[in-house]
Structure formats: C-alpha cells, structure tokens
Number of protein chains: 2
Amino acid sequence: MNDEFYMGLALSEAWKFQILTYPNPAVGCLILDENGQILSCKAHEMAGYLHAEPTAILFALCKKSEKFKDDFIKAYNAKFSSNIKEGEFGLLEPKFSYEFILNNHSNLLKNAKAYVTLEPCSHHGKTPPCANLLKELGFSEVIIGSHDENKIASGGGNLLQSAGVRVKFGVLKVRCDKLLEPFLAYQNGGFSFLKIAISKNGVASGGIITNEFSRTHVHKLRSVIDTLVIGGNTVRTDRPRLDTRLIKNGKNPDVIIYSRSDKFDETIPLFSVPGRKVSVQKELNIKGLCMFEGAGEFLKLAKEGKLANVKWLLIYQSSDFKNGENLRLDLNLKPLFSGNFGDDGYTWYEILD
Amino acid sequence: MNDEFYMGLALSEAWKFQILTYPNPAVGCLILDENGQILSCKAHEMAGYLHAEPTAILFALCKKSEKFKDDFIKAYNAKFSSNIKEGEFGLLEPKFSYEFILNNHSNLLKNAKAYVTLEPCSHHGKTPPCANLLKELGFSEVIIGSHDENKIASGGGNLLQSAGVRVKFGVLKVRCDKLLEPFLAYQNGGFSFLKIAISKNGVASGGIITNEFSRTHVHKLRSVIDTLVIGGNTVRTDRPRLDTRLIKNGKNPDVIIYSRSDKFDETIPLFSVPGRKVSVQKELNIKGLCMFEGAGEFLKLAKEGKLANVKWLLIYQSSDFKNGENLRLDLNLKPLFSGNFGDDGYTWYEILD
C-alpha cells in the first residue's frame, strides 16, 4: 500500500462531509502509527468543531490507549456536562479537545505519519493550529494533498519542516484540489450546486426515491446552506416542506422560489416552517452557499446557460428501478467523486461549459 | 480500524474477479505485518493460477524485501522464459510460485495476520494447500469470512488451529457467503446471470454505453463462461460479434440464440467467430456457467418467471446521461455489491422471487 492508497481513504472520508463543513473546507486525515498501522481516518465534519487532524489524532490516541480514551471521555463529559461515549466524538468542542490532546498524548503518536488532503493550518482561528499539534506530538512525516493558498491559514508545511518533520506535498493533488473548490468559491463570493435524486433507471419523479441515509444527508445540506432555491412549478406540484426534520437541531434554510408569478397557496408547508424567510424571485440574485433543488425546472435553465453560478451537480441514485420516464439532460458533466449511502449511490459532477 | 474494515477490503478485491475465477470461487486476501501494517490485498484472479492467499503473500514478501522481489522475478522468468516485472504478477503459475515462497520467505511474515474471505484450502489441487503455506510462514492469526463446506478442500481452519495459529471465523460472514454463491451453484449444476449496461439515466440502447474498463470486463466474462445466451431480436437488430477482442488470448464462448425462428442472416459477425458453436433454441437448456446478454428480451422473460435459472443481474452503469427511453423492469432485486470501473459503476443484484 502506498501514499496514494492512504490519501485516497482520507479523500473518501472528506467527501462525505463536502459542503457540510461550510464555511470551512472539507478535509480528511488518516493516521498511521510508527509501524505503518492505520489508527484512524477521519474528516472535519462541521465548522466550529474539531478540524480533521485533531479528530483523527483523538481517535488514534483512543485506539492506542484505553486509559487515554477513558480519561478523555471523563474529562470532556465533566467539562461540558455531556454524555459522549466511545466512537461518538465526531463533533467536539475544539479548544478543550485540542488542549487535552496536547497535555495527555504521552508521546503515543511519536513518529506517526499523517495523510492530510489539505496543508494543516498554522493559524489560531476557532481552533488552534493543526500544524502545531502534529509537531508537538512528534509526527515524523506529514503527507499533504493540496497547498493551502489562504493567506491567514497557510504556512503549516513550513512550520512542520522547520521543526524537522518530513513533509511531502502533492499526493493525489488534482483530486485534493477538486475537493477544495467549493471552499475557494465561498471565499470568492459564493457557491451554488444543484441537487437531484433519481432511481437506478433515471426516474426523478413520483414520490420518495432515495433511502433514509441519502435523505438525511439532504437535510444536513439544507441545515448548512444559506439559501435553498426551488422552482415555482415544483412548489405548486409537490407542495414541499423543505425542512430538516430528519436531523437533530437542524436549521431550516431560507427559501427562494424562482417563479414569474408570486401567487402561491400559503398553506403549502414550506411557508410555515419556523424561522425561515421565503422570497419569490423572477431574476435570481444569489449569494453565499446555495442549493438548488428540483431537476425539472433547473436542468433546462442550466442547459440554456441561465444558471451560470451553478457549478456542481449532486446526484443521489437509488439501487431500485422505478416505473416512469427518465430524466434527460444535455449538460457537459465531469464526474468528480462517487460514494455510497447504504445501497444508494451519490455522485458529484462538475458542470462544464 | 477493525477486522471488518480489513475484511471489507479483501471482499472488494474479490468481487472484482467474481465469475472470472470459474470454476473456482472468488476469494480475497489481505495481509497485515506483525505490526498491523497492510502489506497487500489481493484476490484469486483465474482458475489454474495462484490462489488469493499465495498471491497476497507474494506481494507482501516483495513489499517487505527488495531482495526477495528481485530473486523471485529472476527465478520465475528463468523458469518460464517469461518477462514478468514488478506489479505484473497477477496470473502466476501456482506450483513454482508456491514452492519459491516456501523456500525463500526467510520468516519475513512471521506473526503476520491474514484476512481471507473463504477458509483457506487444505488440499492439493492444481495448487498446493494455502492453509499449509500460512502455517509454514508463521502467521499468528488468520481471520476467515466463510466456512469452506467443500468436502475435499475444507479443514484449513482446523489445520491452522492444530498448528497453534489463532483462527477467527465469521467476520462479515453474510457478505462473504454471498460472494461464494455462484461457486456453490456451479458445483450444483450451473449458474446463470444476466448482464445489462445502462447510462446514468437508465438508457440501455443506442450504441456503446459504458467505458473501456467495463467493456473489457465483459470480454473477460465472455472468455470464462461456457455459454452466452442472446435473444433472436437482439441478434437481428444489433448484428453483434460477441467476441473477446478487447483482451489477450480470450476464448470466444459458444452462443445460444434464444429464438422461435432459426432463420438468421449468416453474415452477422457472431456466426463467423473462430472456434465457436452457435445454436438456436426455442426452449433453453442451459448447463454450466452462462451469461445472458441483452436487456430487451430477457427482462420480460425474467418477470414472467421463465428464466428461473437466472439468479443474478449484473448492471454496468455509465456516469453519462443519454437521450432515449429508460429501461423499465419490474423485478424484485436485492443489491449485493457495487464497485467502479473508472467512472462507470457496476452492481451485482440477486433476483428475488
């Protein structure tokens, strides 16, 4: 197994949280111990919580030492009056966890190796710098996919090298750079993508299509985006709610209905979701992170070049055949990543001009 | 990372060669060194060649020692006047390779761990027994998915345990058992499956659909099956060749045309493929390993229960959308395994009653 194999695992983990980390980049991290055993493969899951590197380090330390694990769980639960258990620490308060690692690692990861899809950060943001953590724990080598071009956060590679850590850049660079594109677009004003769901044989209509894992993922996406855009016809026909009921503590996104007429039956559920602004727009004026839902209206617009801001397409696809006409689209698409949610597949595409 | 993770990798590798190992079972093997580092993950690729365990062992030894690698390549090429290079030993003569491993392993895999989807064989067939090899090399633990129920080959677990090797049965057992089903069916008279190819949106017609990796895989399947069954209408419309030109030294399967009329234009390319028997049958009488090609005619028959012997469905799916009507089918399908050939996906389904 070579560097590309391990970076590939880190990449796959990171793609599971693509967009969900907004406004942070999606990042994955895999850790090998000093003998080359995989200790953990984790990703940054959500902004405000632990970055990919300390998450992977935390799991790695827990794998190395039962005592560390027990101590961490006890200390964390005492500090936050929480009740986390083993394997349940995806979303942890970053500062406390980071400090705990620094003070309790007992050199368990000395000479370990980290694979990170993005250059570890070197700045104090909501979380302290990851590069520093890798250095302090005595990692012998850090293998990096993409250079961090961000002026504030970059320099992690240099920091590590200056401390005597071997640093290798550019493993699966093209794929790691692609993972970062939505993040770079946020920073330049915004990112929009279109989400559709189809059956194995391409049917996009007629009730629920995908499984609960896929639908939960959609609700997570809704919870982090700034705006959900939906077509007027879809609103009238499907009478959707467009909320985040499948997840805990989800935030319901504001909705823009793209429609020439602003007449809608106000009993359509989406209008009465708490804490939501709904607006009707004839000409779309989109900022921030935006998900377009509904194939019917938007694929045609995309083909006509009227959705220039919509750069990516996310297709969920069930493993079942469905009776009905298939979705046709005439876009120039480039597949970026495919993964699975249970028996469903999902593919991120870039929409080429 | 736990046993299930490693067995999952071995399973994925084995599924790449599902059917291609006929009349042997598809088997995958992953090896960890004494410290838990992954050394190799390989599968049995074709009957008559090395089993999964010695293949994985060979790669593991080459990873551990440059000297072993050089010596093996030199000795193998001298013996067979061949020109294999590093990484090119998927299909090796089994006896020589097995003996070479036994005589030259230098205890490099002492205390290593093997994950095998099927209990290692204990009998001398075309290749000497794999269980013995694991024992002789000093593996400390062998983790096994499925029990071998074969009277001749079974007993590998016992052999290992008697020699003091830790043996753990049943990791991902359900999935490992499913991998074995075609093999068990061969042994009970035969196995038939239907292969179709569709675009991302379910279009099955109108020229080439899948990429070269998928089509090469189809040619490999054709090369190992006993019989290819195709519908008369498909023959008349598509005028196919149904050969194995995309692979080296492929064997062209005999063809049964399922048709009421036996009148065919003899200039249709499939009739002039060298070394092939073509027959036309009104009532299918199938033995051995048989692939049905062509969705149009067979899906309807399957629905009507007239293809009772066709147990599995293999769907290749491209990542592109295509204009055209989608394939509809009304079968009760259970997805068994999904993988990728480049940007294409493929899924094996079980056809439930």
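We did not get these values from a lab; they are worked out from the coordinates using the rules stated. Owing to the predicted nature of the structure, the values given are computational and were not obtained by experimental measurement. Neighbour counts are summed over all protein chains in view; Cβ atoms, including those assigned to glycine, are modelled from backbone coordinates with ideal geometry.
A:Gly296 label point (Cα plus 7 Å toward Cβ) to equivalent points in the other copies: 3.3 nm, shortest first. Taking the square roots of five times each eigenvalue of the Cα gyration tensor of the range B:1-115, the equivalent ellipsoid has semi-axes of 22, 19, 10 Å, listed largest first.
Each Lys or Arg adds one and each Asp or Glu subtracts one; over the other residues with Cβ under 15 Å from the Cβ of B:Ser318, this totals +3.
Relative to the longest principal axis of the Cα atoms of chain B, the long axis of helix B:94-104 lies at roughly 20 degrees.
Reducing the range B:286-321 and the range A:308-353 to their Cα centroids gives an inter-centroid distance of 25 Å. Please state the shape class of chain B: rounded when a/c is under 1.5, otherwise prolate if a/b exceeds b/c and oblate if not, all from the C-alpha gyration tensor. Prolate shape, in that a/c is at least 1.5 and a/b is the bigger ratio. Averaged over the residues of peptide A:306-317, the number of Cβ atoms from other protein chains lying within 10 Å of each residue's Cβ is 1.
From the Cα gyration tensor of the range B:269-322, with a ≥ b ≥ c the square roots of its eigenvalues, which class applies: rounded if a/c is under 1.5, or else prolate if a/b is larger than b/c, or else oblate? It is oblate, given that a/c is not under 1.5 and a/b is not larger than b/c.
Which net charge results for the neighbourhood of B:Ala112, defined as the other residues with beta-carbon distances under 10 angstrom from its beta-carbon, given Lys and Arg at +1 and Asp and Glu at -1? Combined, the nearby Lys, Arg, Asp and Glu give 0.
For the range B:1-53, GluC sites (Glu not before Pro) meeting the loop criterion (DSSP other than H, G, I, E, B) and having at most 16 other Cβ atoms within 10 Å: B:Glu34. Plainly put, the range B:229-316 has a radius of gyration that is 0.94 times its Kirkwood radius, both from alpha-carbon atoms, as the Rg/Rh ratio. Each helix, a run of at least 4 DSSP H residues, gives -39500 (n - 2.57); summed and divided by the residues of chain A, these come to -9500 deg cm²/dmol at 222 nm. Dipole magnitude for chain B: about 500 debye, using +1 per Lys or Arg Cβ and -1 per Asp or Glu Cβ, origin at the Cα centre.
With contacts taken as Cα pairs under 8 Å and at least 6 residues apart, the range B:137-239 reaches a relative contact order of 19 percent. Partner shielding of B:30-40 amounts to 3, given as the average count of beta-carbon atoms from other chains within 10 Å of each residue beta-carbon. Classification of the range B:103-191 by its C-alpha gyration tensor yields a prolate form. The axis ratio a/c (a ≥ b ≥ c) is 1.5 or more, and a/b outweighs b/c. In the structure shown, do any of B:Lys16/B:Lys220; A:Lys85/B:Lys168; A:Lys16/B:Lys178; B:Lys95/B:Lys168 have a Cα-Cα gap over 21 Å, and if so which? Pairs exceeding the cut-off: A:Lys85/B:Lys168; A:Lys16/B:Lys178; B:Lys95/B:Lys168.
Equivalent-ellipsoid semi-axes for the protein assembly as shown (Cα gyration tensor, √(5λ), whole Å, largest first): 43, 39, 21. Computed about the Cα centre, the dipole magnitude for the range A:283-344 is approximately 320 debye when only Lys and Arg (+1) and Asp and Glu (-1) carry charge, each at its Cβ.
Placing unit charges on each Cβ (+1 for Lys and Arg, -1 for Asp and Glu) gives the protein assembly as shown a dipole about its Cα centre, and among B:Leu102, B:Ser12, A:Asn201 the Cα reaching farthest toward its positive end belongs to A:Asn201.
Axis angle, to the nearest 10 degrees, between helix A:3-15 and the longest C-alpha principal axis of chain A: 50 degrees.
Using Cα centres only, tell me the gap between the range A:177-227 and the range B:63-104 in whole Å. Using only Cα atoms to place each centre, the spacing works out to 49 Å. Distances from A:Asp330 to itself in the other copies, using label points 7 Å out along the Cα-Cβ axis, amount to 3.3 nm in increasing order. Pairs of Lys residues in the range B:263-353 are counted when their Cα atoms are under 14 angstrom apart and they lie 8 or more places apart or on different chains; the count is 5. Starting from the label point of B:Asp265 at 7 Å along Cα→Cβ, the same points in the other copies fall at 5.5 nm, in ascending order.
Of all GluC sites (Glu not before Pro) in the range A:243-332, which ones are in loop regions per DSSP and have a Cβ with at most 11 other Cβ atoms within 10 Å?
A:Glu266, A:Glu283, A:Glu304
The range A:107-121 and the range B:17-57 have their alpha-carbon centroids 31 Å apart.
Applying a DSSP loop filter and a limit of 15 other Cβ atoms within 10 Å to the trypsin sites (Lys or Arg not before Pro) in the range A:1-110 leaves A:Lys85, A:Lys110.
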